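Where a number appears in this text, it was derived from the coordinates with a stated rule and is not lab data. Computed from a predicted structure; not experimentally measured. Cβ placement follows ideal geometry from the backbone for every residue including glycine, while neighbour counts extend to all protein chains displayed.
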Amino acid sequence: MIPDVVKLCTEDLDPNVRETSIRILTEMKTQEAEKAFLTALKDKVDDVQLAAISGLREIRSKEAGPPLVELLKSLDVKKEQTKYSSIMRALGALHHKTDSAPLIKTAEEADTHEEIRRSIILYLGDVKAQDGYEFLIKLARNEEKEPDLRAYAVNSIGRMKEARAVPDLKQILETIRNQKSPKERARMSRLRFQSMVALMRLGDRSMVPEVMSAARDDDPVVRLRAVRQLGEMRTPEAKELLEFKSKYDENARVKKAAKLALDEWDKTPGDTGSDLDDSDKEK
């Protein structure tokens, strides 16, 4: 039935059928749909285009980079935020490099939608765009910016493996630790965690106990983030803790993440991307 469903992606007159067909094939992760997904990028209906963008990302299409970039250039960044952000996330997942300069310019503009700004920041980390480092470190140091936005910048800096960021990251941590207000420290918890993880990525083993401690936190969201990072980086000291979490953690999502980390443990470690897509929020 797959060839028939593939035809529906682009040939059916009902846009709902086209969209649904793309989503079904995306769930199946079938490479046979790649050509149809690429064609659907030109569909006149936004929902069909969005489904195609997601599909190309999920099947890790090797051909999608250039047409996605062309579609991105055609968008009105002020009016088509959802589509713009979806393309940026797809390009990042596909590790497709394009000119960073106009992206950084867009991210720096005051009236840029926050989700677009975040997707650009994460993209720079996904493709390890070294020309974006100065923009990212400036943002990470800027105490006038929201802590969560700074956390996005820190996350990308860590995935770039930018060793020159170490002093700044340590300074950020020191400032948070010296914060006297419990409410303010709580507001900066994501920035603190991402700073620790970035330092771990850059070889600072002194951060391991703190991230392991986060995996025991009372907040299941904090535990979930810590378990994912410890698993991704194959932190040797954490394997026993992950085994315990996979069996006994009271939160089902934490247990699942720990089990997945252990299942992947013996495979070649790699950059699985950002954990900042809000998929770790409690539903």
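When the pairs K170/K239; K161/K183; K29/K255; K7/K97; K145/K183 are compared against a 20 Å limit on Cα-Cα distance, K170/K239; K161/K183; K29/K255; K7/K97 fall above it. Around the Cα centre of region 216-266, unit charges on the Cβ atoms of Lys, Arg, Asp and Glu (plus for the first two, minus for the last two) sum to a dipole of about 160 debye. Comparing V48, G65, L13 along the charge dipole axis of region 1-91, the residue lying farthest to the positive side is G65, per the Cβ-charge model.
Remark on region 67-132: Rg and Dmax equal 10.5, 29 Å (Cα only).
Using the Stokes-Einstein relation with a Kirkwood hydrodynamic radius computed over Cα pairs, the translational diffusion coefficient of region 141-188 at 37 °C and a viscosity of 0.692 mPa s comes to 288 µm²/s. For region 112-154, the Kirkwood estimate of hydrodynamic radius, built from reciprocal distances between every pair of different alpha carbons, is 10.3 Å.
Checking every one of the chymotrypsin sites (Phe, Trp or Tyr not before Pro) in region 192-268 against DSSP loop status and a limit of 16 other Cβ atoms within 10 Å picks out W265. Charged side chains reduced to their Cβ positions (Lys and Arg at +1, Asp and Glu at -1) give the chain a dipole of some 780 debye around its Cα centre. Here's how it looks for W265: its modeled amide H is under 5 Å from none belonging to a residue 5 or more places away or on a different chain.
Assuming charge only on the beta carbon of Lys and Arg (+1) and of Asp and Glu (-1), the dipole of region 111-153 about its Cα centre is about 180 debye to the nearest 20. At the listed q of 0.13 Å⁻¹, the Debye profile of region 52-170, built from one uniform point per Cα, gives log10 I(q)/I(0) equal to -0.48. Only helices enter this figure: runs of n ≥ 4 DSSP H residues, each worth -39500 (n - 2.57), summed and divided by the residues of the chain, yield -19500 deg cm²/dmol at 222 nm to the nearest 500. The Rg/Rh ratio for the chain is 1.00, where Rg is the radius of gyration of the alpha carbons and Rh is the Kirkwood radius.
The percentage of C-alpha pairs in region 1-91 whose separation is greater than 19 Å is 31%.
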